[in-house]
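This report concerns only the one structure given below.
Please treat every number below as a calculation from the coordinates, not as lab data. If you're wondering where the values come from, they're calculated on a predicted model, not measured in any experiment. Glycine also receives a Cβ, built like all others from the backbone with ideal geometry; neighbour counts cover every protein chain displayed.
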Amino acid sequence: MNPEVEAGSIDVGPKADRVKIFDTTLRDGEQSPGISLNAAEKLEIAQQLARLGVDIIEAGFPITSPGDFEAVETIARNVEGPVICALARSSFQDIDAAWNAIKDSERPRIHTFLATSDLHIEQKLRTTREDVKGQVRAAVAHAKSYTDDVEYSPEDGSRSDIDFMAEVVQIAIDEGATTINVPDTTGYAMPQEYADMFTALYERVPDLKKVTVSVHCHQDLGLAVANSFAGVLAGARQVEGAINGIGERAGNTSIEEFVMLLHTRRPDLGLWTGINTKEISRTSRLVSRLTGYPIQPNKAIVGRNAFAHEAGIHQDGVLKNRQTYEIMDATTVGVFSNALVLGKHSGRHALQNAFEELGYKIDGAQLNQAFKAFKEIADRKKEVTAMDLEAIVNDEMRGDTKAFTFDWFELHTSSDGEPLAKVKVTKPNGEQVEGAGSGDGSIDAVFAAINNATGEKARLAEYRVEAVSSGQDAIGEVSVVIEIDGRTAAGQGVSTDTVWASGRAYARALTNAERRRGVVDEAESAAARAAVNNPVAP
Ligand code: KIV
Ligand code: ZN
């Protein structure tokens, strides 16, 4: 499904003030606990990132699993516009896998990393500074033999000895690295400290002026955007981050926050990005739905309350002059109006037109599938809004063939008042299974019945339901996190019926867990193979 959006508010300004946006939603973002996207979902996100106007998409880490390799390759072959980047450690095997995955892209980039902090060198890599220098030299040269566009990151850069890191960065530039990204891997840095580190690095490595300098920050102390901003003020012109700030542990820099900071304060800063800000909300909702990670209501820019005014005194002020309490216009980030679009009697053609108006071009089998889902919703809901239609698209068009699907349920109450559920579920191998279960409430009973039907021993860790649009008949969007075999998996489902939405969300979480299990198994065997074939990196 490809929303087609006209070019929007793309800024222009002096080139030196242009900040490139490097999106790692599909790599660092996908490393968040519980997230596991299939290739079709990753492609859908990558296509939306291209419409958003990011400069670089880090599509994945191909050596980690055949699934990740396939997703990166699919994105490289199908997404036009942004540079498509793949991550690799410094071993030749990693770099070869990265190159093989992206080689069909019009604009391929290899991103290789190796830590420069003594803590990582001694405790994690169990090697020496000299060896790190040799590995970086070989890795960048090897990557460069494939493509001109090579990025090197000294992992744990913000906790590295500056003189040693400068030596390694100089080696990477000498071997042809075109982007040097200095990460605050652990989210430990403070803004001034991070900026000073860049100033010190520029002093020690004058050649940094010939390449793109990049920031990559983590959110452990809630400073990812502030640190990224400090790095840019110190001279960096590439910012790495993820939509909704997802990523390892507490996450990465929120791209939407960083972009809107530059956009809103442009008169003072003069810095700009190529982002079409009107695509921000839609991108955020898509990432939230496909990852199963809900957006906190008060999240800056994309939270449901980001542009809402609750206190009477604020509402009064905004009615008199919006600028009293608003620094941005909601339409700038593409927040939909919740206007009525379709009713119960609307036909297939009207639905297709409505989708087109929203920027989605669908026909054939996709239109039939969307129409069926629309009818089910329109039978229960008086008005189907733009937000509802978008939820239908995101929910129905996953393209996941190997999935658990929640097909049917029936609810009863036992003679002693306990809720009972019967369900039918299709397993990823196509087999349909039935099961029954009881619980504290109907939804709990459905989850127990799904476990019994599938034989899965999942435990519900988190459950959340939110309305997609307003009104008593609103579509409910359910997000669940399950725990299974010591790992977590997230899932999300939408319907006007909360039990349906919950069953779908649970089935998707099981699918994600299954995929993750496969990914982990594949990755473990790949790592074992790598250790046997190549015990020491090049
Ligand atoms: O946080 C980090 O250091 C990373 C590197 C791979 C850039 O994600
Ligand atoms: Zn990171």
Among beta bridges assigned by DSSP with both residues in the chain, the antiparallel ones amount in percent, to the nearest 5, to 55 percent
When the charge dipole of the stretch 336-396 is computed with +1 on Lys and Arg Cβ and -1 on Asp and Glu Cβ about the Cα centre, the Cα farthest towards its positive end, among Asn368, Met387, Ser346, belongs to Ser346
Farthest towards the positive end of the dipole of the chain, among Val287, Ala458, Leu52 and with Cβ unit charges of +1 on Lys and Arg and -1 on Asp and Glu, lies the Cα of Leu52
Burial-style ranking of 453-459, 256-262, average other-beta-carbon count within 10 Å with highest first, yields 256-262, 453-459
As straight-line cross-link partners of Lys144, the qualifying aspartates and glutamates (C-alpha separation under 12 Å, not fewer than 8 residues apart within one chain) are Asp96, Asp174, Glu175
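If you count, for each residue, the other Cβ atoms within 10 Å and average over each peptide, how do 418-429, 20-31 line up from highest to lowest?
20-31, 418-429
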Looking only at lysines whose Cα falls under 25 Å of Lys320's and that sit 8 or more positions away or on another chain, we get none
If unit charges are put on Cβ atoms (+1 for Lys and Arg, -1 for Asp and Glu) and the dipole of the chain is taken about its Cα centre, the option from Val169, Thr488, Ala436 lying farthest towards the positive end turns out to be Ala436
Any aspartates and glutamates whose Cα falls less than 14 Å from that of Lys381, other than same-chain ones fewer than 8 residues away, would be Asp473, Asp497
If the chain between Glu106 and Arg129 were fully extended at 0.36 nm per residue, the gain over the current Cα-Cα distance would be 4.7 nm
Contour minus Cα-Cα span, Lys372 to Ala300, at 0.36 nm per residue, comes to 22.4 nm
Protection proxy (average C-beta count within 10 Å per residue), highest first, orders 222-232, 50-60 as 50-60, 222-232
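Taking each pair of different alpha-carbon atoms in the stretch 17-291 once, compute 1/r for the pair, average those values, and report the inverse of that mean as the Kirkwood hydrodynamic radius in Å to one decimal.
Every distinct Cα pair counted, the radius reaches 18.2 Å.
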With +1 at each Lys and Arg Cβ and -1 at each Asp and Glu Cβ, the charge dipole magnitude of the stretch 1-149 around its Cα centre, to the nearest 20 debye, comes out at 540 debye
Taking Cα pairs closer than 8 Å and at least 6 residues apart, the relative contact order of the chain in percent is 14 percent
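Given Cα pairs under 8 Å that are at least 6 residues apart, what percent is the relative contact order of the stretch 405-524? It would help to have the intermediate numbers written out before the result.
Numbers: 268 pairs, mean separation 20.1, N = 120.
Once divided by the residue count of the stretch 405-524, the mean separation gives 17 percent.
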Checked against a 19 Å limit on the C-alpha separation, the offending pairs among Lys42/Lys299; Lys344/Lys375; Lys344/Lys422; Lys299/Lys361; Lys361/Lys382; Lys361/Lys427 are Lys42/Lys299; Lys344/Lys422; Lys299/Lys361; Lys361/Lys382; Lys361/Lys427
Computed for the chain: size of charge dipole around the Cα centre, +1 on C-beta of each Lys and Arg, -1 on C-beta of each Asp and Glu, debye to nearest 20, value 620 debye
Taking Cα pairs closer than 8 Å and at least 6 residues apart, the relative contact order of the stretch 336-396 in percent is 49 percent
With N residues in the stretch 263-326, Rg(alpha-carbon) / (2.2 N^0.38 Å) equals 1.39
Kirkwood-based Rg/Rh on the Cα set of the chain evaluates to 0.99
Final fewest-first order of His263, His349, His314, His216 on the 10 Å Cβ neighbour count is His349, His314, His263, His216
Summing -39500 (n - 2.57) over every DSSP H run of at least 4 residues in the chain and dividing by its residue count gives a helix-only mean residue ellipticity at 222 nm, to the nearest 500 deg cm²/dmol, of -12500 deg cm²/dmol
